[in-house]
Structure formats: structure tokens, C-alpha cells
Amino acid sequence: MFHPRQGVALGLFIFLFVLVAVLSVASGRWWLPPLASVHGAAIDRLFTVTLLITGVVFALVHGLLAYSVWRFRGDPSRRAAHIREHRALELTWTVVPAIILTALIVSGGQLWLQIHRPPPADAFVVEVWGEQFKWGFRYPGADGQFGRTDPRLITDDNPFGIDLEDPAARDDIFFPAGQGELYLPVNRPVVVYLRAKDVLHSFFVPRLRVKQDLVPGMTTRFVFTATETGDYEIACAELCGLGHYTMRGLLTIATEEEVQRWLAEQLTVADLFF
Amino acid sequence: MAHETAQTHLHEPRSFWTRYIFSQDHKIIAAQYILTSLFMGFVALVLSWLMRLQLGWPEHPIPLLSKLFPGLYQDGVLKPESYLALITMHGTLMVFFFITAILLGGFGNLLIPLQVGARDMAYPFVNMLSYWVFLLSCIVILASFFVTGGAAAAGWTAYPPLSGVQKAVPGSGLGQDLWLIAMAIFIVSSVMGGLNYVTTALNMRTRGMSMGRLPLTVWALLITAILGLLAFPALFAGAVLLLLDRHLGTSFFVPYVVVGGEHIPHEGGNPLLWQHLFWFLGHPEVYIAILPAMGIVSEVISTNARKPIFGYRVMVLSICAIAFLSFIVWGHHMFISGMNPYLGTAFMVTTLLIAVPSAIKTFNWVATLWRGNLRFTTAMLFAIGFVSVFVTGGLTGIFLGNPPVDIQLTDTYFVVAHFHIVMGMGSVFGIFAGLYHWFPKLFGRMLSERLGRWHFWLTFVGVYGIFFPMHYLGFLNVPRRYYGFSGYDFIPPDAQTIQLLISIAALIVGAAQLLFLYNFIHSWIRGPKAPANPWQGTTLEWQAPSPPPHGNWGPELPVVHRWAYDYSVPGAPEDYIPQTVPLEPVPVEDRGGDGVGSGGNGNALDR
């Protein structure tokens, strides 16, 4: 019933598993996509610190487990020790994790609140619309104000249900879902307002460390500052139906001048409807 | 405390129907729960194979599958909508119909009365009803595969509007209705069971069985049953309200939406409300799945280490702390949902705090092994495997519980790795440890330990082969719930290789479960007869014959004189002393009322 060889095998396997796990993660072969945003650097730092801490705990506890099953494998001639509890030890493994977790809570909480600060007044503003299984975009135009929308006004021609009576709507620039590209400036805070027409979606830009759900009936928001120009991919990260896996979008980060020049070339609501 | 009713024996049912089918005997009901939930788990396992085939070999035609599952496949290729039905039903069946049902319905029924020294549950009729209602919910959920549009496809979390609007996804027709109805029926069953478990554990304890002498299995099952009673009704309310949204035009969860160009005129519904209701159950639910497994593991480790469980009092307190905290962490599933970010910080604090009692339990298990005299029975192997997967999967929770890190990792394979290892495999290893340990008690026969060891090794090595590489996919930000990944530049080609290896490992682990199935059936029929106490355990169930007769005990109920963990007591003739053995040589003096004391006894032998 003791099967001591099982103890040897189990100890050995756990030891090997820890070795493979630690080496494969540390090799960095499979890592986060290249970073390109300001808050993303802080996220990556917290991620790495958490990985180091949990990595040490992972190796330590598994090491103890592997050693125990190997060292204390049974034998009918032996008796186990009769130990019921040990206050100092139990206090240690209560207090030490509590301290480490408190440190993580404090740093994580600060970063989280920083990420969700209200956007600065000079931020570049854009709206992203999700619908099965495409992305649409709207810019507020020269006045910096989005026109009012109402889902009841949605038609094929007016896919976001923009209220044409609203003067603020006249200079809005919009791209129906699947028919445009998101152009955003580099090195300037960007506020993305997120809205969904049909079901939940999630605006996920891996390289920018941006992920935020879109919820029909409400507007959500994410603020970020991109640090590199170039093309980025948008993926949908919240199950949205049959074509969820195909809901890919494109985002171009360009210089401020390029973005302004590009915006000036686009048709406004007034150009389209009046 | 229990009433001594000599009549219990006179009521032993004689006909086949009342004895084995419509039985009110907790052991028969436990067996019914175990067999039914194992079947449901097996169905869910097959669903995961179909998913893994698609993920490992994307859109590779396998004509045989078209024949076997004509609704799911077209020309041998899995349809994208079928993939969504598979993830939804795999999750639902595994979490509720397998894990929850077998742990509470199976082990709760088997162990609570036996380990507290009762003749049966407090309400045997309600107990029987609980099983039959559970069976009904199983039939309803399985039936949903065969309706137009197929089974529900909105994920096991059933987020509206996807689950609230018929047009939103093919499975959002009758399949989603049946899903909601099955869940509601399941909850009714679980409430009936839960009332029984709590009442029995509190009121039916035999003489001397103070709370401080309860085995940790009973503590875990008791606390879990309370969790279930408090949490499940939230989802029941949610399911009813969602059905109203779907059919009677109310707007609890679904706002005004335009789906595929069609206006769906709801007014003012909020999809986040469903998420709150769902996770108000959903998070306690993962502890409903893991706490009984923890109880089982504590019991199996202590018995097979031939050593008292380390820090019994702290173990009980940790179970209570985890249960309490589990009610105020649900928002960590919603950090990026659009919920107010300030609320997110509160949920972050509670979520990371729950790691403290979890860490205590882990170290206490390791400390129980320390200086033990370990017997590597199959149950013990699975219990040690549990500690390993609990550590591996628990640690990744520290990433996801920290909202800035969660931004990047949520809804990727990192989450899939995390919850499958900690909650999925944790529970499953606990279940297997429990089945190998108590099968002899329930069925009166021994399982083959040789086959058991094969089963353990293939499963243990295999599940790490499946779920550990999913962390790498998570680091690469590969999103979950994707039918395919072509066209995404940020996903490197390595990801597909990893998916392929995962699929191979999954098929092997799946096959290993057939080994268990064979062992289970073969041993049930032909296994060697089990002695009353095959593992030399101390708790009450080992004092009853294997299997225990109707009413469990002879004419006299057992009397408890000591705590549940008197292993390797110095000076004792054997390395275990059952709870029924009086405290010698000190005259028997029942100090049973001293609560969660130092084992609650005045054992002279260990001083």
C-alpha cells in the first residue's frame, strides 16, 4: 500500500515540471506583443513583477512538495510524527503572503486609477462602434463635439443613428462598420468612446495594452497615449456571435499633422446629408 | 443531536423500485448523483475533444464526425456556430452538471450522514426529490442539442444581449431557452440538496461529535452548501428575468439594440445587471466547486500521510474566510466590462485577499506531508496532484485579480489556463481522490489500484500538457472563444504549433478517462470485496460495513470520543485511533462541546 517508488517518481516529475515551466517562461520566446503605449509600460512592469513573485512561490511550494513526497515516502516499519499545529509557522505563511499581496494591491490599485483618470482637456477624441462583426468609427469634427445619437434613428444610411437636427452633428465624420480605418495621433492622449449597436464587444488592441468592453445602451471609455507610429490590429475580445473570431479591425497611429491632414480630406455629416 | 430511532431499520425498503430507483437512502442517492454526473462529465469531455480537434487541426475535414454529429458538422468540418455551442455546453455541463453535482450531490450525500454518525439525511424525501429534479435538469440541457438552432451558444456565462435576442446568434433560439430553464431546475434541485446538507451536518451529529471534531470534509461540504443556498437564487432570478426579456418584451438586461439591421425595441435594459447577477452566483460557484475538493484532499492526505491534518483550526477558519470573501469578489470578472473602475479597486482588494487563506491551506497540506509516513494510494496521488494544480492555477489568479494586468490578459487563453487548472483540474483531482478513496465504502468493492496509478499519471502529466502551454498563448494575447485565428498578424505561427500540441495532449488525457471508466465499471462488478476500513481511517464511515446497510449503523449509533485525526499517536498500538475509541486510560469524559478546540479532545496519549 505504501508504493514508495510512486513517491520517488512523483517528486522527480514535479521537479522536472517546475524546471520546464520556469525555463520555458523565462526564455521569453512567448511573450506579450511589442509594447507601444505609455500606460502599457506600467502594465508590463507590474506583469513582470507579478510573474517574478509568483514564479518564486511556484518553485518554492512545488519544491517543498516534491521534496516531501520523495523524502517521506512511506515504509511499514516507520511511524509518522504526530504534529497537530505550529503557531509560528502558520503565522508566517499568513503574514508573508498578506504583505506581498498588500504591496501588489497598492501598486495595482494606483496604476488602475491612473489608467482611468479623466482624460485631459486637450486629448484627441474618437468614437468606436462595434456591431456584428465589424468596427465603425466617428470623429467629432472641428467643433470637438459629437452629435447626439439615438438607436431608433439607425438606418442603412445613418448607421449610428446620428440626430441630424443636432448642430453638433454637422461636422462629425463617420465610417460605417467595416468601411474605414481608425487614424489616431502618436504621443497625444487619445480618448476612445466605445459604443455597441447590437451585442457586447470588446475593443482589444494588444500592442497598445488596451481592452475595454462595448455595451449596448451605454458608452464606455479608454484613455491611452500611443508611443509609436504604425499599423495596429484591433481584435474583439468579448464573445459577440458567429463571426466573433473574424472581427478584426485596423488602427493606424500617425503623426498629429498626418492625422489632421487626413481628417480634413474626409466627408462630414453635412457633406453627406445636406 | 441525532435521535436514536430503532425503527429506522424496520423501514428498510424491500422492493427493487423503492430500494434502488426511488430510494430515500442517502447512499443510493449519492450513487445516483455520482453516476449521473459522471455521465454528464463524460458528455462534456467529448465536447472538449470536438473543440480541440478544430483548434489543433483547423477546418480539417473528418467525414466520420459529420456522420456522428450531423447537426454540428458540415462536410466533416465543425461549423463556427457549433464551436460556440460546444464552448457553452462544455462549460455549463462541467461546472454545474458534473463538478457541482458530484461534489455536493455525490460526496455530500455519501459523506455527511456517515461522517457525522447519522442514519440518513434530515429530510430523506426532499433528498430523493433533489436527485430527480437534478435528473430532469440534465435531460432538459441535453435535449437542447437537438432543437432548431442547436444548443445555447452565448458562452456558459450567457451574457445578454447575445443570450437575450433570438437573432443574435443561432443558439439563441430554443437552445438558449432550454439552457435557462435547465439552470433554473438545477438550482431548485441544489436548494433542496443544500437544505438537507446544512440541516444534517448541524442537527444530526451523533453523541460526542462536536463541531470541533467534524472531519474537514464535513466542514467543507457544510460551508459549501451554505454558499450554494445563498448564491444560487441570484442566478435563478436572473434566469427568470432573462426569459421574460426574451419572450414577454421586458427590458431587464436588453436595451434598445439593432441586430443585423433589425430594430429590437427594448427600453432601458442593462446588460451589466446580468453580469452582476451571474457572477454573484458565478464566483461563489467556483468555490462551491473547489471547497469540497479541498475537504476531500485534506482527508485523503491526512489518512495516507498517517499524520493529523496540520492546523485543523486554521483549516476550518480558512474555509470560512474563503467562503465569506467569495461573496464579495464577483466584480473581478467585470474589470473591463464597463463597470465603474472605482468599484474595480474594491473587488481587487477582496480578490487578492482571498489568496491569503488559500495560501494557508496549501502550506498546511504540505506541512501535513512533512515527516509523514506517506502511502501512495491512487487517492493520495490525486490529492497531491490537487495541491500541485491548486498552486499552479491559484498563482495565476494573482495576475487576473490585479485589474491593470487583467486588461491585457482577460479574455485570452491565460484565463482559460487559469480557471481550468485551479477550478477545473482542482475539482477534478479532488473528485478522483474522493472516488478512489470512498468507492469501497459506497460500492463495497475495491477499485484496481494498478489501473488507478495509470489513470493518475496519464491525467496528471497530461493536464499540464494541455493547460500549461495555454499560458504561453495567453502571453501572446491569443483571444479565447475564437473558432479560428487566421488573418491576425499579432498571433505568431508558434501559436498554432502550441494549439496542436495541446490538442494531442487533450486527446490522450481524454482517453485516460476511459481507463477510469473501465476500472469503475469492472470493479463495481468484479472488484475484490472491500473491508470496512481499507485505508485504516479514523472517521466514522470506516466503522460501518462496506457498503453500510440501510440506516448505516447497527442498533446503536456510534459515539464519538476524539477528533478526526488521531494518526500516529505516540504510544498507541496502531498508527490510527478511530473516533469511536474512548480516551484511555483516562476515564471517558465527554468534552464534546468545546467547539473548534485543539481537536476538541483531552487525549492523554498525545501529551
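Scan the range B:162-171 and tell me whether some residue there is within 14 Å of chain A (Cβ to nearest Cβ), small (Gly, Ala, Ser) and touching a strand residue (DSSP E or B) at 6+ places or on another chain (Cβ under 8 Å). For the range B:162-171, residues within 14 Å of chain A (Cβ to nearest Cβ), small (Gly, Ala, Ser) and touching a strand residue (DSSP E or B) at 6+ places or on another chain (Cβ under 8 Å): present. Could you check the range A:134-152 and list, in sequence order, the residues that are touching a helix residue (DSSP H, G or I) at 6+ places or on another chain (Cβ under 8 Å) and surrounded by fewer than 19 Cβ atoms within 10 Å (Cβ to Cβ)? Matches in the range A:134-152: A:Asp143, A:Gln145, A:Arg148. Among the residues of the range A:69-86, is there at least one that is in a helix (DSSP H, G or I), under 36 Å from the mean Cα position of the chain (by Cα) and at the interface with another protein chain (Cβ under 7 Å from one of its Cβ atoms)? Taking every residue of the range A:69-86 in turn, none turns out to be in a helix (DSSP H, G or I), under 36 Å from the mean Cα position of the chain (by Cα) and at the interface with another protein chain (Cβ under 7 Å from one of its Cβ atoms).
Of these, B:Gly175, B:Gly194, which one is more than 23 Å from the chain's Cα centre (by Cα), modelled with pLDDT of 95 or more and part of a helix (DSSP H, G or I)?
Details: B:Gly194 fails: more than 23 Å from the chain's Cα centre (by Cα).
None of the other options fit; the residue is B:Gly175.
Hey, among the residues in the range B:443-464 that are more than 19 Å from the chain's Cα centre (by Cα), more than 10 Å from chain A (Cβ to nearest Cβ) and part of a helix (DSSP H, G or I), which one's farthest from B:Ile504 (Cα to Cα)? By that ranking, first place goes to B:Phe443. Among the residues of the range B:368-395, those identified as within 26 Å of A:Ala103 (Cα to Cα) and either of a type in the set (A, V, I, L, M, F, W, C) or within 7 Å of another protein chain (Cβ to nearest Cβ) (or both) are B:Val387, B:Ser388, B:Val389, B:Phe390, B:Val391, B:Thr392, B:Leu395. All conditions but one from (1) in contact with a strand residue (DSSP E or B) (Cβ under 8 Å, 6 or more places away or on another chain); (2) in contact (Cβ under 8 Å) with a residue 40 or more places away in the chain apply to B:Tyr488; the one that does not is (2).
Contact annotation: residue pairs with Cβ atoms under 9 Å, 6 or more positions apart or on different chains, pairing a residue in the range B:241-270 that is without any contact (Cβ under 8 Å) to a residue 60 or more places away in the chain and among the hydroxyl-bearing types (Ser, Thr, Tyr) with a partner that is assigned to a strand (DSSP E or B) and surrounded by fewer than 18 Cβ atoms within 10 Å (Cβ to Cβ), are B:Tyr256/B:His263.
Results for (1) modelled with pLDDT under 95; (2) loosely packed, with under 14 Cβ neighbours inside 10 Å; (3) assigned to a strand (DSSP E or B), shown as yes or no for each residue.
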position: A:Met218; (1), (2), (3): no, no, no
position: A:Thr225; (1), (2), (3): no, no, yes
position: A:Tyr232; (1), (2), (3): no, no, yes
position: A:Ala235; (1), (2), (3): no, no, yes
position: A:Glu238; (1), (2), (3): no, no, no
position: A:Leu242; (1), (2), (3): yes, no, no
position: A:Thr252; (1), (2), (3): no, no, yes
position: A:Glu257; (1), (2), (3): no, yes, no
position: A:Arg261; (1), (2), (3): no, yes, no
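Does A:Thr155 satisfy being within 13 Å of chain B (Cβ to nearest Cβ) and buried (at least 21 other Cβ atoms within 10 Å of the Cβ)? No, not satisfied. Just need a number here: residues in the range A:27-44 that are among the aliphatic types (A, V, I, L, M), in contact (Cβ under 8 Å) with a residue 12 or more places away in the chain and not in a loop (DSSP other than H, G, I, E, B). Here the count works out to 3. B:Val581 meets each of the listed conditions (1) within 14 Å of another protein chain (Cβ to nearest Cβ); (2) closer than 19 Å to B:Arg306 by Cα apart from (1).
Could you tell me which residue of the range B:239-265 is nearest to the other protein chains (Cβ to nearest Cβ), considering only residues that are assigned to a loop (DSSP other than H, G, I, E, B) and surrounded by fewer than 21 Cβ atoms within 10 Å (Cβ to Cβ)? Please lay out each step first, then the result.
Keep residues of the range B:239-265 that are assigned to a loop (DSSP other than H, G, I, E, B), which gives B:248-256, B:260-261, B:265.
Checking which are surrounded by fewer than 21 Cβ atoms within 10 Å (Cβ to Cβ) leaves us with B:248-251, B:256, B:260-261, B:265.
On the way: B:Leu248: 19, B:Gly249: 16, B:Thr250: 15, B:Ser251: 9, B:Tyr256: 5, B:Gly260: 7, B:Gly261: 7, B:Pro265: 8 Å.
Once the filter is applied, the top-ranked residue is B:Tyr256.
Cβ-Cβ contacts under 8 Å between residues 6 or more apart (or on different chains), taken from a first residue in the range B:531-557 that is farther than 28 Å from B:Lys307 by Cβ to a second residue that is β-branched (Val, Ile, Thr) and modelled with pLDDT of 95 or more, are listed as B:Leu557/B:Thr206.
What are the pairs, 6+ residues apart or on separate chains, where a residue within the range A:215-228 that is in the same structural domain as A:Lys197 (by TED's automatic domain parsing) has its Cβ under 6 Å from a residue that is part of a strand (DSSP E or B) and aromatic (Phe, Trp, Tyr)? Short answer, once both residue conditions are applied: A:Thr219/A:Tyr193; A:Arg221/A:Tyr193.
Return yes when B:Phe382 is in contact (Cβ under 8 Å) with a residue 40 or more places away in the chain and more than 19 Å from the chain's Cα centre (by Cα) and no when it is not. If you could, list the steps in order and put the result at the bottom.
Numbers: in contact (Cβ under 8 Å) with a residue 40 or more places away in the chain: yes; more than 19 Å from the chain's Cα centre (by Cα): no.
Criteria not met by B:Phe382.
Total residues in the range B:106-155 satisfying the condition of being assigned to a loop (DSSP other than H, G, I, E, B) and farther than 30 Å from B:Leu242 by Cβ: the figure is 7.
Checked against (1) buried (at least 20 other Cβ atoms within 10 Å of the Cβ); (2) closer than 20 Å to B:Ile29 by Cα, B:Leu195 passes all but a single condition, namely (1). Just one of the listed residues (A:Phe174, A:Phe160, A:Phe133, A:Phe146) is under 20 Å from the mean Cα position of the chain (by Cα) and either not assigned by TED's automatic domain parsing to the domain that holds A:Thr255 or not β-branched (Val, Ile, Thr) (or both), and it is A:Phe133.
Look at (1) surrounded by fewer than 20 Cβ atoms within 10 Å (Cβ to Cβ); (2) under 17 Å from B:Ile296 (Cβ atoms) and you find that B:Leu442 fails only one, number (1).
State whether one or more residues within the range B:370-385 are surrounded by fewer than 24 Cβ atoms within 10 Å (Cβ to Cβ) and assigned to a helix (DSSP H, G or I). Within the range B:370-385, none of the residues are surrounded by fewer than 24 Cβ atoms within 10 Å (Cβ to Cβ) and assigned to a helix (DSSP H, G or I). For the range B:66-82, a residue qualifies if it is under 23 Å from B:Val416 (Cβ atoms), out of contact with any helix residue (DSSP H, G or I) (no Cβ under 6 Å at 6 or more places or on another chain) and in a helix (DSSP H, G or I), and the qualifying residues are B:Pro80, B:Ser82.
Scanning the range B:408-428 for residues that are away from every other protein chain (no Cβ under 13 Å), within 15 Å of B:Gly462 (Cβ to Cβ) and hydrophobic (A, V, I, L, M, F, W, C) yields a total of 2. So how many residues does the range B:130-161 have that are within 12 Å of chain A (Cβ to nearest Cβ), of a type outside the set (Phe, Trp, Tyr) and surrounded by fewer than 24 Cβ atoms within 10 Å (Cβ to Cβ)? Summing the residues that are within 12 Å of chain A (Cβ to nearest Cβ), of a type outside the set (Phe, Trp, Tyr) and surrounded by fewer than 24 Cβ atoms within 10 Å (Cβ to Cβ) in the range B:130-161 gives 3. Checked against the criterion of being facing another protein chain (nearest Cβ under 8 Å), assigned to a helix (DSSP H, G or I) and without any contact (Cβ under 8 Å) to a residue 24 or more places away in the chain, the candidates A:Phe47, A:Phe17, A:Phe58 yield just one match: A:Phe47.
Go through the range A:112-138 residue by residue and tally those that are under 30 Å from B:Tyr482 (Cα atoms) and either more than 10 Å from chain B (Cβ to nearest Cβ) or not in a strand (DSSP E or B) (or both). Break it down stepwise before answering.
Just the residues of the range A:112-138 that are under 30 Å from B:Tyr482 (Cα atoms), to begin with: A:112, A:115-116, A:126-138.
Of the ones still in play, those that are also either more than 10 Å from chain B (Cβ to nearest Cβ) or not in a strand (DSSP E or B) (or both) are A:112, A:115-116, A:126-130, A:132-138.
The qualifying residues number 15.
Any residue at all in the range A:166-182 that is under 24 Å from B:Ile264 (Cα atoms), surrounded by fewer than 22 Cβ atoms within 10 Å (Cβ to Cβ) and hydrophobic (A, V, I, L, M, F, W, C)? The answer is yes, given that some residue of the range A:166-182 is under 24 Å from B:Ile264 (Cα atoms), surrounded by fewer than 22 Cβ atoms within 10 Å (Cβ to Cβ) and hydrophobic (A, V, I, L, M, F, W, C).
The values are calculated or read from the model by the stated rules, or taken from the named source; none is laboratory data. The model shown is predicted, which means the values in this text are computed figures rather than measured ones. Note: ideal-geometry Cβ built from the backbone for every residue, glycine included; neighbour counts use all protein chains shown.
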